[in-house]
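The values are calculated or read from the model by the stated rules, or taken from the named source; none is laboratory data. Being a predicted model, the structure only gives us computed values, none of them experimental. FYI the Cβ positions are ideal-geometry reconstructions off the backbone, even for glycines, and counts take in every protein chain you see.
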Amino acid sequence: MSVAITFSEYGAPDVLTLSDVPTPEPGPGQVRIRVRAAAVNPIDLRIRSGGMAGIMPVQFPVIPGQDVAGVVDEAGEGSGFSPGDEVFGSVHFGGYGEYVLLDQPFAKPATVSFESAAAMVTVGETAYRALEHLAIAPGQTLLVHGAGGAVGAVAVQLAVARGLTVVGTVGEHDFDRISRLGATAVRYGEGWADRVRGAVPGAVDRVFDTAGTGVLAESIALTGAAARVITIADLTFAEHGVRFTGLDPADRFPQALPLLADLMVRGELDVPVWRTFPLGEAAKAHAEIEAHNNKGKVVLLP
């Protein structure tokens, strides 16, 4: 037996409980890792609250958590890894625990901390995936809504590294940070489209919406076509003919993770960890994020 955070009903953060659970056994191609860090993502909160019940139903009790980094404890046949290897990756559920099984582990670079590796997984893959789907070319202009958020800030860094002109809508408190990442910061809120037009000498070629704050219609008008806009946050996407990415696992780019880790090694990608919590304080971690107190990623340390 081992311990993990579980919940047996939808609700507020206090439904999260430290529980005894069976220690999982790896099958062929899998590794079992002793988790050293597990990132807390916004989707974890939505699943716990029941906000994703119609899209992602669960079977109670649930061990939440997707993004992990740790040390291989036992390796299944054909996994390509050995006990003691430091790895990171993503699971559908189960990250908030002492042990987890990874079907597709990636070697963690020695110079990247467990906390940073876990923090990078979902936000990094999401930003990479959105840029791939948008098929934007060097020299073109990308607008990132919510550039001050975790996914948005990664998207800015990846886009700048690809030679794009980047504009990001942010709160004024994030102006300096996003400008340092190489983007032109524009205040979000009413009138944002006019402010973007004033900040960009030419056309806006693509828009990546990470905020979900009702910006799709104006984003389409700005770019000239719904196909040039993608969202990970606005559930009205179908009404506008805009692509939503993130619900279908087949839509993802896990192969991007080693590339992103290499960017971190080279100092070209930073995913700030705001705070770490012991595993048993998962409810407190969720509450901090719900209160919008975090200024970066939150990570649990089993």
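Computed values, structure above
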quantity: Matching entry among VAL144, VAL112, VAL154, VAL167 (being under 21 Å from ARG275 (Cα atoms) and not in a helix (DSSP H, G or I)); calculated: VAL112
quantity: Index of the failed condition, GLY29 passing every other in (1) at pLDDT 95 or above; (2) of a type in the set (Gly, Ala, Ser); (3) closer than 27 Å to VAL151 by Cβ; calculated: (3)
quantity: Filtered residues of the range 201-245 (kept if surrounded by fewer than 18 Cβ atoms within 10 Å (Cβ to Cβ) and assigned to a loop (DSSP other than H, G, I, E, B)); calculated: PRO201, GLY202, ALA203, GLY212, THR213, GLY214, GLY224, ALA225, LEU235, THR236, GLY241
quantity: Those residues of the range 96-123 which are closer than 19 Å to GLY76 by Cα and of a type in the set (D, E, K, R), in sequence order; calculated: GLU98, ASP103, LYS108
quantity: Every residue from the range 165-174 that is modelled with pLDDT of 95 or more and closer than 18 Å to ASP270 by Cβ; calculated: VAL166, GLY168, VAL170
quantity: Number of positions in the range 1-51 that are charged (D, E, K, R) and either over 12 Å from HIS286 (Cβ atoms) or assigned to a loop (DSSP other than H, G, I, E, B) (or both); calculated: 6
quantity: Of all residues in the range 16-49 being charged (D, E, K, R) and surrounded by 15 or more Cβ atoms within 10 Å (Cβ to Cβ), the one that is nearest to the chain's Cα centre (by Cα); calculated: ASP44
quantity: Residue that is small (Gly, Ala, Ser) and touching a strand residue (DSSP E or B) at 6+ places or on another chain (Cβ under 6 Å), where the choices are ALA256, ALA261, ALA183; calculated: ALA183
quantity: Only one of PHE253, PHE277 that is among the aromatic types (Phe, Trp, Tyr) and out of contact with any Phe, Trp or Tyr (no Cβ under 7 Å at 6 or more places or on another chain); calculated: PHE277
quantity: Leading residue by the ranking (farthest from LEU247 (Cα to Cα)) among those in the range 50-98 that are of a type in the set (Ser, Thr, Tyr) and buried (at least 17 other Cβ atoms within 10 Å of the Cβ); calculated: SER79
quantity: Scope the range 246-294; condition in a loop (DSSP other than H, G, I, E, B) and in contact (Cβ under 8 Å) with a residue 24 or more places away in the chain; matching residues; calculated: GLY246, LEU247, ARG252, PHE253, PRO254, GLU268, LEU269, ASP270, VAL271, PRO272
quantity: Near pairs, Cβ below 7 angstrom, 6+ apart or cross-chain, from the range 57-68 (modelled with pLDDT of 95 or more) to any residue that is among the charged types (D, E, K, R); calculated: PHE60/GLU9; PRO64/ASP44; PRO64/ARG48; GLY65/ASP44
quantity: Residue in the range 102-117 that is touching a helix residue (DSSP H, G or I) at 6+ places or on another chain (Cβ under 6 Å), at pLDDT 95 or above and aliphatic (A, V, I, L, M) present; calculated: yes
quantity: Residue that is farthest from GLU190 (Cα to Cα), among those in the range 149-160 that are surrounded by 23 or more Cβ atoms within 10 Å (Cβ to Cβ), at pLDDT 95 or above and in contact with a strand residue (DSSP E or B) (Cβ under 7 Å, 6 or more places away or on another chain); calculated: ALA159
